[in-house]
Amino acid sequence: STKMAAGLDVATPTSGRRKGTMLSKPIIYGNMSKYFGKKREDDGHTHHWTCYLRPYKSEDMSVWIKKIHFKLHESYNNPVRIYTRPPYEVHETGWGEFEIQIKVYFQDSAEKPVTIYHLLKLFQADPLVVTGKKNLVSEHYDEIVFTDPTNTMYNLLTNPKPLVPAVRHEAGINYKEREEKTLTAIFSARKRITAEIQDLSDRLKNNREAVHRLKEQIEEQEEDFETVLT
């Protein structure tokens, strides 16, 4: 995942900010869809779908989120859906895939909004999904990172309120385990790359020494040749 940064509004003084502080809020966003079983006659729609943004942990995000805008394809009535409290979910029907813009606004307007882009997924090769016997889930983990948050945002971010009922993740993915595996793979790759760089460095050093010795030999032979000529 990539970490999304909530930033400073350039028109806002920095005096009311927690300098040197960084906080992150893990989130889950994506969509779930299900095939009707046949095309709907009146509008040609084929799927129910839900696009959502949820907390990774079960906390009430409305404590620090003011509102979330979901911008749908312009062919939908009221394509910008605005939610001021959880659940932050759009429930719709359709027949095609398109990119949904999810814009998150914070309780303190001094923090710039964060924009997320999600490609709505309706189709998959899984036979159970194709026949409508199983939901398709396209879900992602990410983090919203607050660097030098305002004092107001700091207080809101560090005093979470439990979400009732508890949040659920449609994909059933253990993101913590996935993160640990990813970090392990990154460290392993970094170690391997470091070893390869050291090996190449050693080879380069040896090659330079060989070239230096060869130059010395050539110079010695040239001196001997000049001596013979004289």
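Among the residues of the stretch 63-88, the ones that are open to solvent by 30 Å² or more (accessible area, probe 1.4 Å) and either assigned to a strand (DSSP E or B) or touching a residue at least 24 places away in the same chain (Cβ under 8 Å) (or both) come to 12 in all. Among the residues of the stretch 120-162, just one is closer than 30 Å to Tyr76 by Cα, open to solvent by 80 Å² or more (accessible area, probe 1.4 Å) and either among the polar types (S, T, N, Q) or within 20 Å of the chain's Cα centre (by Cα) (or both), namely Gln124.
Scanning the stretch 1-58 for residues being more than 30 Å from Thr182 (Cβ to Cβ) and modelled with pLDDT under 90 gives a total of 8. Within the stretch 94-109, identify whether any single residue is of a type in the set (A, V, I, L, M, F, W, C), open to solvent by 80 Å² or more (accessible area, probe 1.4 Å), part of a strand (DSSP E or B) and closer than 30 Å to Thr158 by Cβ, and answer yes or no. No, the conditions are met nowhere in the stretch 94-109.
Every test in (1) surrounded by fewer than 16 Cβ atoms within 10 Å (Cβ to Cβ); (2) in contact with a helix residue (DSSP H, G or I) (Cβ under 7 Å, 6 or more places away or on another chain); (3) of a type in the set (Phe, Trp, Tyr) is passed by Tyr117 save one, and that test is (2). Pairing residues of the stretch 40-53 that are touching a residue at least 24 places away in the same chain (Cβ under 8 Å) and on the phi < 0 side of the Ramachandran plot with residues that are part of a loop (DSSP other than H, G, I, E, B) and open to solvent by 10 Å² or more (accessible area, probe 1.4 Å), at Cβ distances under 6 Å and at least 6 apart in sequence or on separate chains, gives His45/Trp95; Thr46/Phe36; Thr46/Lys39; Thr46/Trp95.
The values are calculated or read from the model by the stated rules, or taken from the named source; none is laboratory data. Computed from a prediction, not measured in an experiment: that's the story for all the values here. Backbone-built Cβ (ideal geometry, glycine too); neighbour counts: all protein chains shown. These area figures cover heavy atoms from the full protein model, side chains too; ligands, DNA and RNA do not enter into them. Shrake-Rupley method; radii C 1.70, N 1.55, O 1.52, S 1.80 Å.
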